[in-house]
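Enquirer: Here it is, the structure, as structure tokens.
The values are calculated or read from the model by the stated rules, or taken from the named source; none is laboratory data. Keep in mind the model is a prediction, meaning the values are calculated, not measured. Ideal geometry is used to build each Cβ from the backbone, glycine not excepted, and the neighbour counts take in all protein chains shown. With ligands, DNA and RNA removed, areas are computed over all heavy atoms of the protein, side chains included. Shrake-Rupley method; radii C 1.70, N 1.55, O 1.52, S 1.80 Å.
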There are 2 protein chains.
Amino acid sequence: MANASELPIGIFDSGIGGLTVLRQIRRQLPREDLIYLGDTARVPYGTKSPATVVRFACEDTQFLVGQNVKAVVVACNTASAWALLALEKRFPVPIFGVIVPGACTALKKTRSGRIGVIGTKATIRSEAYKRVIADRNGRAQVFAQACPLLVPLVEEGWIRHEVTRAVLREYLDPLLRRGIDTLVLGCTHYPLLKRAIREVAGSEVALVDSAETCAQFVRASLKQLGLLQSSESREGWIRSYVTDETEQFTRLASRFVGCPIPAAEKVELPSS
Amino acid sequence: MANASELPIGIFDSGIGGLTVLRQIRRQLPREDLIYLGDTARVPYGTKSPATVVRFACEDTQFLVGQNVKAVVVACNTASAWALLALEKRFPVPIFGVIVPGACTALKKTRSGRIGVIGTKATIRSEAYKRVIADRNGRAQVFAQACPLLVPLVEEGWIRHEVTRAVLREYLDPLLRRGIDTLVLGCTHYPLLKRAIREVAGSEVALVDSAETCAQFVRASLKQLGLLQSSESREGWIRSYVTDETEQFTRLASRFVGCPIPAAEKVELPSS
């Protein structure tokens, strides 16, 4: 049996958004093999109920564990918000989410202690960021805003569209009026809107990219656990699985990863 | 065993959009019992692949047939576009979709023969409206436009929002420039945007509401098949099932149906 550190890292998301996390992990850990699962037949998770999100996340993780991964990255804010504890209890590998790294980075960046968080309906409803931030700094204040139109706008490709700026103004104005100086992009789709968000929020608001901070956290944690690839020279491979047809995924994937990745394979998930 | 005409009508959709069809059936057939299934755990279908849409539609129909319905209404343009033939082959009850009634009504309304169709990505990709219209009138021309942002806008409740009008202008302008005089609202969510669509399209473009035309078609077909409720005086009941938690469905349902409906029940679907 291979040494655990030589095994791949599993990454899952409801769809393609988690590829922004894969991209950052690839950038920071180029020697690691990566297995990505996008549950594209049931995407999105952000509009679904907590019980359903937990069930789907368990099935996703079960699949990745079946692929013999050394750790699982929950590259989806909604699944991280609702399912992380359930996954940690149920599976024997380290599980990393996106919420804690994002919350900790926001606390490092803020000067005023007034932090904005944007995400899907389910993520915001979970109050996960609020809880993690309050646990670490009782004086910080979190102002949260669900932004259900942003994922469809990204998937439509309206990244620099005037409509997208109008939608962002509508969502961000209430947060900006509360005087936030830091804004957590609490959904793995949002890094693609960073430029538009910066335009609307203004340059004085620090943006926290949960994909980037998650990748830093994964690197630090694997190092601490002695689970980083030992080979100095190899280049890791990437393998992708989806639950719907592969065509649309493969077409959109390059936009998210920023480079071509091998064609995905369609799979059926084990039911939990 | 009850006479078949006394049995309920089954209606399904990927989520809540099909409730606009239920509303019209209720209005036109107030004596009929109606069983509605919304596959809210896997909504939407309009962004998924044909194979996945067919699989989901078979599972939805299987559930309704298990409830002993006399007919099944596919209250979803995407499922009607891709799955109708498969359902007709597989199940022993009459199956009614939304495409044929909408296409026929458009042909009745158009004077110039230039018909616009808007719908989800999957519906437009299927070219189902184009095919049905061409079969019936070889000279009519169909101009189609996928509008993936409209469903999220309706679900966000931005029915009369300036952003929605801007999105509609973007989607409809290419059709209006082609000189359409009739526009098929080829998604069961769109009737909720009728007023905004009328503003953008102008009063000289006739709108075809696929929910309304489907209900007329269901009434005429059941009559022809001798399957209409025989009792003159009774008021039909409505029962709803969903695959995700019931809370959000129940909250949004009244907006679609236009009157309160009994709380939905959560169910698991048989896998196909």
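Enquirer: How many of the residues in region B:155-165 are open to solvent by 30 Å² or more (accessible area, probe 1.4 Å), assigned to a helix (DSSP H, G or I) and modelled with pLDDT of 95 or more?
Expert: 2
Enquirer: Right, here's the next one. Just for region A:249-272: of the residues that are modelled with pLDDT of 90 or more and touching a helix residue (DSSP H, G or I) at 6+ places or on another chain (Cβ under 6 Å), which one is least open to solvent (accessible area, probe 1.4 Å)?
Expert: A:A264
Enquirer: Just give me the residues in region B:114-137 being in contact with a strand residue (DSSP E or B) (Cβ under 6 Å, 6 or more places away or on another chain) and either open to solvent by 10 Å² or more (accessible area, probe 1.4 Å) or without any contact (Cβ under 8 Å) to a residue 60 or more places away in the chain (or both), in sequence order.
Expert: Those that are in contact with a strand residue (DSSP E or B) (Cβ under 6 Å, 6 or more places away or on another chain) and either open to solvent by 10 Å² or more (accessible area, probe 1.4 Å) or without any contact (Cβ under 8 Å) to a residue 60 or more places away in the chain (or both): B:R114, B:K121, B:I124, B:Y129, B:K130, B:I133.
Enquirer: Next question, about the same structure. Restricting region B:177-199 to residues that are in a helix (DSSP H, G or I) and open to solvent by less than 30 Å² (accessible area, probe 1.4 Å), which is farthest from B:N77 (Cα to Cα)?
Expert: Going through region B:177-199, the residues in a helix (DSSP H, G or I) turn out to be B:177, B:190-199.
Still in the list and also open to solvent by less than 30 Å² (accessible area, probe 1.4 Å): B:190-191, B:193, B:196-197.
On the way: B:Y190: 11, B:P191: 13, B:L193: 16, B:A196: 20, B:I197: 18 Å.
In this case the residue turns out to be B:A196.
Enquirer: Can you tell me which residue among B:P174, B:P152 is away from chain A (no Cβ under 14 Å) and either buried (at least 23 other Cβ atoms within 10 Å of the Cβ) or in a helix (DSSP H, G or I) (or both)? Steps first, please.
Expert: Details: B:P152 fails: away from chain A (no Cβ under 14 Å).
On inspection, the qualifying residue turns out to be B:P174.
Enquirer: For B:A140, indicate whether it is away from chain A (no Cβ under 14 Å), open to solvent by 30 Å² or more (accessible area, probe 1.4 Å) and more than 17 Å from B:T78 (Cβ to Cβ).
Expert: Considered against the rule, which asks whether it is away from chain A (no Cβ under 14 Å), open to solvent by 30 Å² or more (accessible area, probe 1.4 Å) and more than 17 Å from B:T78 (Cβ to Cβ), B:A140 comes out as no.
Enquirer: Considering only region B:27-57, how many residues are more than 14 Å from chain A (Cβ to nearest Cβ), crowded, with 20+ Cβ neighbours inside 10 Å and either at pLDDT below 95 or not in a loop (DSSP other than H, G, I, E, B) (or both)? If you could, list the steps in order and put the result at the bottom.
Expert: Filtering region B:27-57 down to residues more than 14 Å from chain A (Cβ to nearest Cβ) leaves B:27-37.
Retained after the next criterion (residues that are crowded, with 20+ Cβ neighbours inside 10 Å): B:32, B:34-37.
Now restrict to residues that are either at pLDDT below 95 or not in a loop (DSSP other than H, G, I, E, B) (or both): B:34-37.
Going through region B:27-57 one residue at a time, the tally reaches 4.
Enquirer: Out of all the residues in region B:230-248, which are modelled with pLDDT of 90 or more, surrounded by 14 or more Cβ atoms within 10 Å (Cβ to Cβ) and either more than 23 Å from B:P94 (Cβ to Cβ) or touching a helix residue (DSSP H, G or I) at 6+ places or on another chain (Cβ under 6 Å) (or both)?
Expert: B:V242, B:T243, B:D244, B:E245, B:T246
Enquirer: Please go through region A:58-96 and pick out each residue that is basic (K, R) and part of a helix (DSSP H, G or I).
Expert: Within region A:58-96, A:K89, A:R90 meet the criteria.
Enquirer: May I pose another question? Assess whether B:A220 counts as being surrounded by fewer than 18 Cβ atoms within 10 Å (Cβ to Cβ) and either away from chain A (no Cβ under 13 Å) or among the hydrophobic types (A, V, I, L, M, F, W, C) (or both).
Expert: Answer is yes for this residue.
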